[in-house]
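Working notes, structure below.
The values are calculated or read from the model by the stated rules, or taken from the named source; none is laboratory data. Everything quoted here is computed from the prediction, not taken from an experiment. FYI the Cβ positions are ideal-geometry reconstructions off the backbone, even for glycines, and counts take in every protein chain you see. What goes into the accessible areas is simple: the full protein's heavy atoms, side chains included, and nothing from ligands, DNA or RNA. Shrake-Rupley method; radii C 1.70, N 1.55, O 1.52, S 1.80 Å.
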Amino acid sequence: MTTIHRSVSLALILAAAGLSAAPQTFDFKDPKGVNNVQFHLDAPLESISGQGTGLSGSVVFDPATPETITGRIVLATASLTVGNPTMLEHLRGANWLEVAKYPEIVFEAKRVQRAVTEGAAIKAEVAGVLTVKGVSKEITVPVTFTHLPDKLGARLNKPDLKGDLLVLRSTFAINRSDFGIQAGQNTDKVSEQIELTLSLAGAAAR
Amino acid sequence: MRCALRLAAIALLLSSLGWWVAAGAPMGWWRTRVGVERTDEFTGLSVIEWQERFVPGVETPALGLLAGGALFAATLFFRRKLPPNQPTS
């Protein structure tokens, strides 16, 4: 009887441990409209800065094993915007991002090369495939993950809603010619390098 | 007429320059929207919110100079009006 009791208790403990460490799928379609990707390019007269907010996708994350992160983040190119209307027209046009033909920019995370926990944050090098204007390229980007347990309801002002948040921050640069964006052209007017800053919050409801 | 047009040319130049300087003399192209940063208190993430507002760029004083210059140049084709007792030859 005692052995059976101990076995059942052990099984229950193991099951509880498994449940609390289970990977969660975080959805990055943000109802508050905060998720964004900002871009920046240098230019002789004035640097070009803008933002895209049409983000969606999901990431599977287990705080116990951060090196197992996988996921897919999608940016709707039609959501990209800058302050000058002529510049915006060029950005969306055939010579640059060709938004009508290529409606999405996608990053597919394949593996984590290095994950280090620093306080509440996990800093990782995430390798994956970035697809821009129909061109796919393997890149590795630094990402900081911050897991916020039980914060979903408070963030959306719905106390009855249970769930966690996963905040992603990343800053990295790409070369536009690597993705066939005016490759080798207008380098005197617009810099080759595009700096990208991602600020994303995903939600996993329970 | 000539004098009035010349004054108008100078006014056009000065007003376009003044407008640009008053906007902070931005060294960029004009914008029809301005970004204002908003921070989400729970995640600490910041997002730019766009406000529809015209901000003059370097084109503004340049266009003012061109338009004022063209107006001034047009006044050179106007014959100067002499006082009634002056001989015309």
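Quick rundown of the values:
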{"read-out": "Accessible surface of the protein assembly as shown [probe 1.4 Å, protein heavy atoms]: carbon and sulfur percent", "value": "60"}
{"read-out": "Modelled FRET efficiency - R0 45 Å, B:T39 with B:F77, Cβ distances, 0.05 increments", "value": "0.15"}
{"read-out": "Hydrodynamic radius of segment A:82-203 per Kirkwood, over alpha carbon pairs, in Å", "value": "16.8"}
{"read-out": "Taking chain B and dividing mean pair separation by its residue count, relative contact order in percent (alpha carbons under 8 Å, at least six apart)", "value": "38"}
{"read-out": "Area of B:E59 that stays accessible when all protein chains are in place (1.4 Å probe, Å², to 10)", "value": "40"}
{"read-out": "Normalised alpha carbon radius of gyration of chain A [divisor 2.2 N^0.38 Å]", "value": "1.25"}
{"read-out": "Accessible-area value, B:M1, 1.4 Å probe, nucleic acids and ligands omitted, Å²", "value": "150"}
{"read-out": "Helix B:59-75 vs. chain B, principal-axis angle (Cα, 0 to 90°, nearest 10)", "value": "10"}
{"read-out": "Accessible area that becomes buried as A packs against B, both chains, 1.4 Å probe, Å², nearest 100", "value": "1900"}
{"read-out": "Amide H within-cut-off set for B:E49, under 5 Å, with H built and near neighbours excluded", "value": "B:V36, B:E37, B:R38"}
{"read-out": "Fraction in percent of alpha-carbon pairs per bin - 5 Å, segment B:2-75", "value": "3, 16, 17, 15, 12, 10, 9, 6, 4, 3, 2, 2, 1, 0"}
{"read-out": "Chain-alone versus full-assembly comparison, segment B:41-58, residues with accessible loss of at least 20 Å² (1.4 Å probe)", "value": "B:F42, B:T43, B:L45, B:S46, B:V47, B:I48, B:W50"}
{"read-out": "Accessible surface, the protein assembly as shown, averaged per residue in Å² (probe 1.4 Å)", "value": "58"}
{"read-out": "Within 10 Å of each Cβ in B:25-33, the average number of Cβ atoms from other chains", "value": "5"}
{"read-out": "Lysine pairs with alpha-carbon atoms under 27 Å apart, the protein assembly as shown, spacing 8 or more or separate chains", "value": "25"}
{"read-out": "Cα centroid separation - segment A:135-171 against segment A:34-84, whole Å", "value": "13"}
{"read-out": "Gain in span if fully extended, A:E195 to A:E108, counting 0.36 nm per residue against the direct Cα distance", "value": "29.5 nm"}
{"read-out": "Taking segment A:23-205 and dividing mean pair separation by its residue count, relative contact order in percent (alpha carbons under 8 Å, at least six apart)", "value": "23"}
{"read-out": "Helix-derived mean residue ellipticity, 222 nm - over chain A, DSSP H n ≥ 4, -39500 (n - 2.57), to 500", "value": "-4500 deg cm²/dmol"}
